[in-house]
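The block underneath contains the structure these notes are about, expressed in structure tokens.
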Amino acid sequence: MAEYEACIMGLQAAIERGIKTLEVYGDSTLVIYQLRGEWETRDPKLINNRMVVLGLLREFDDITFNYLSRDENQMADALATLASMIKANKEEEMRPIQMNVYEFPASCCNLKEEENGDNPWYQDILRYVRDRKYPAQASENDKRTLRRLVCDYVLDGDVLYKRRKDQNFYWGNSVLISLRDGSSFTY
């Protein structure tokens, strides 16, 4: 079973690094509860894996196994997906993946205010959605592009929301839900 094999590999990596206290988090209820001793292991294929894990546990002074639901384990799922896309060559050294955690969506990281004023980057979109007015120096091509862009946005009061493919609208910490009858609400 893949979850047991991943646990074994993780424990072996911790042992190689000399770690003596470890908290293990997993989204497999079967593996976590079997390793805690709360569930019996009956499947012959799993019994051998469990025995390997129990043998590795002797190397630790303190180890705990904690269950995380799949919803709470999105980072692990993302890393597992990323790892499955990498072709590993055992002759080359694997380089670590560098990750950063941001307080806001990555799509906003490269957005800057316009240099010639205090207008936000979305000013033209907002003006067109609100007033149906083009920028003063807009060419026909600019106008056509703006009309295409505004299809992805909706204005609720003074807040501009970006439409997603699932027809929900997100911006900041608010969510605008658009219903099929044309009504909408935020939360």
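The values are calculated or read from the model by the stated rules, or taken from the named source; none is laboratory data. Fair warning: this is a prediction, and the values are worked out from it, not measured in the lab. Because the Cβ atoms are built from the backbone with ideal geometry, glycine has one as well, and the counts that use them run over all protein chains shown. What goes into the accessible areas is simple: the full protein's heavy atoms, side chains included, and nothing from ligands, DNA or RNA. Shrake-Rupley method; radii C 1.70, N 1.55, O 1.52, S 1.80 Å.
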Subject >> Within the stretch 118-165, considering residues that are of a type in the set (G, A, S) and open to solvent by less than 70 Å² (accessible area, probe 1.4 Å), the one nearest to the chain's Cα centre (by Cα) >> reply: G157
Original post:
Are there any pairs with C-beta distances below 8 angstrom linking a residue in the stretch 16-30 that is in contact (Cβ under 8 Å) with a residue 40 or more places away in the chain to a residue that is assigned to a loop (DSSP other than H, G, I, E, B) and open to solvent by less than 50 Å² (accessible area, probe 1.4 Å), with the two at least 6 apart or on different chains, and if so which?
Top reply: I19/F60; K20/F60; T21/F60; L22/F60; Y25/L68; G26/L68; D27/L68; D27/S69
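Would you confirm whether or not the stretch 40-55 contains a residue that is assigned to a helix (DSSP H, G or I), under 20 Å from D77 (Cα atoms) and not small (G, A, S)?
No, the stretch 40-55 contains no residue that is assigned to a helix (DSSP H, G or I), under 20 Å from D77 (Cα atoms) and not small (G, A, S).
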Subject >> the stretch 3-14 residues that are under 17 Å from T29 (Cβ atoms), paired with ones that are among the basic types (K, R) and surrounded by 13 or more Cβ atoms within 10 Å (Cβ to Cβ) (beta carbon under 8 Å, 6 or more apart) >> reply: Y4/R50
